[in-house]
Amino acid sequence: MKRKINRYDVFIDTLSKNFSQINNFQLTQEEGIGKTLFEFIIKRLAEINSFKILFSNYYIPAASKSISDDINEINKSKYRYLIKISKDDLKENYYETIRLGYIGMFHKYENYIDDLLIQAENLNLEVSDKGQPLIKYIEENFNFKFKDWKHSPTISRLNWICICNKHYDGYPIKEPKNIQYLSLPNDERMKFTKDDFVRDIDMLIKIYELMLQAILNFTMYKVTFEFSESENFEDEELRQKHLNTKTTANMMLNKFIEIFKSL
């Protein structure tokens, strides 16, 4: 029987490879930002996956079962003629459970990005304590902000859903209305299914990993190229090699930005 691939094994192997490419940085060091960052990533990935399982395997099925149980109780009640509650009314608790899941998943992403940027800045200082702060360097050289939710259609949409759930009691009335939900009536609360929730949190987990890869590669780029200009190379062959390497790295990071903007 073929052994099932463990997703944490794959993630940690990939993470270790990315860390190993950073100059003057030892992942295996006993103390320091390397160990801290590595443990931070593993913890956050475990948290979001656990959150997914908690809602998809427990909370949402329990909410669905609760509806059936309530309907049976009402039908058996000697006062059922007085209880004017429809199945649709009872299903509101089911939909509210899923809406709470959307609030939770986006809050986890917000906190993840906040803490990831702090960890990345510490990593930047450990590898090189000169030059601009990492986040400012990325914004000025690549015109990219990790906390601009509008960069990604998925993140922008999840942020909109979260705001509607938190501040508008689940009604889709936050303006401007997200383009995917223009047809939703303003006088009805949003209704998402378990499949919707799983699809969206799986995409969010993918973006978690993409953000990690991006911040590590931005850090390597800054450390390598912030102060090493081609004019400093007397040897033409070395100068050209430097330019080619920088161009390739720049293209790779801009490709990441385009991928993120397409998600």
- Query: Is it the case that some residue within region 216-228 is among the β-branched types (Val, Ile, Thr), at pLDDT 95 or above, part of a helix (DSSP H, G or I) and surrounded by 15 or more Cβ atoms within 10 Å (Cβ to Cβ)?
  - Reply: no
- Residue pairs within 7 Å by beta carbon, gap of at least six or interchain, first lying in region 35-64 and under 16 Å from residue 99 (Cβ atoms), second at pLDDT 85 or above and among the basic types (Lys, Arg), listed first then second, are 51/108; 56/194; 60/194
- Consider residue 78 against the criteria (1) at pLDDT below 90; (2) surrounded by 11 or more Cβ atoms within 10 Å (Cβ to Cβ): it satisfies all of them except one. Which criterion is unmet? (2)
- Would it be correct to say that residue 35 is basic (Lys, Arg) and either modelled with pLDDT under 80 or in a loop (DSSP other than H, G, I, E, B) (or both)? yes
- Which residues, counting only those in region 253-263, are surrounded by 12 or more Cβ atoms within 10 Å (Cβ to Cβ) and assigned to a helix (DSSP H, G or I)? 253, 254, 256, 257, 259, 260, 261
- Say whether the condition of being more than 30 Å from residue 137 (Cβ to Cβ) and not small (Gly, Ala, Ser) is met by at least one residue in region 202-220. yes
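Listed here are the residues, each with its yes/no results for (1) touching a His at 6+ places or on another chain (Cβ under 8 Å); (2) of a type outside the set (Lys, Arg); (3) surrounded by 14 or more Cβ atoms within 10 Å (Cβ to Cβ); (4) in contact (Cβ under 8 Å) with a residue 24 or more places away in the chain.
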residue	(1), (2), (3), (4)
144	yes, yes, yes, yes
151	no, yes, yes, yes
155	no, yes, yes, yes
158	no, yes, yes, yes
166	no, no, yes, yes
172	no, yes, yes, no
176	no, yes, no, no
187	no, yes, no, no
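Here are some residues: 109, 181. Which one is surrounded by fewer than 16 Cβ atoms within 10 Å (Cβ to Cβ) and within 17 Å of residue 200 (Cα to Cα)?
Working: 109 fails: surrounded by fewer than 16 Cβ atoms within 10 Å (Cβ to Cβ).
That would be 181, the only listed residue that is surrounded by fewer than 16 Cβ atoms within 10 Å (Cβ to Cβ) and within 17 Å of residue 200 (Cα to Cα).
Among the residues of region 139-189, write down those that are of a type in the set (Lys, Arg) and within 15 Å of the chain's Cα centre (by Cα).
Within region 139-189, the first condition is being of a type in the set (Lys, Arg), and the residues that meet it are 145, 147, 150, 157, 166, 174, 177, 189.
145, 147, 150, 157, listed by residue number.
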- Task: Look at region 188-197 and say how many of its residues are of a type outside the set (Val, Ile, Thr) and assigned to a loop (DSSP other than H, G, I, E, B).
- Result: 5
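The values are calculated or read from the model by the stated rules, or taken from the named source; none is laboratory data. This is a predicted model, so every value here is computed, not measured. Positions of Cβ are generated from backbone atoms using ideal geometry, with glycine treated the same way; all protein chains shown enter the neighbour counts.
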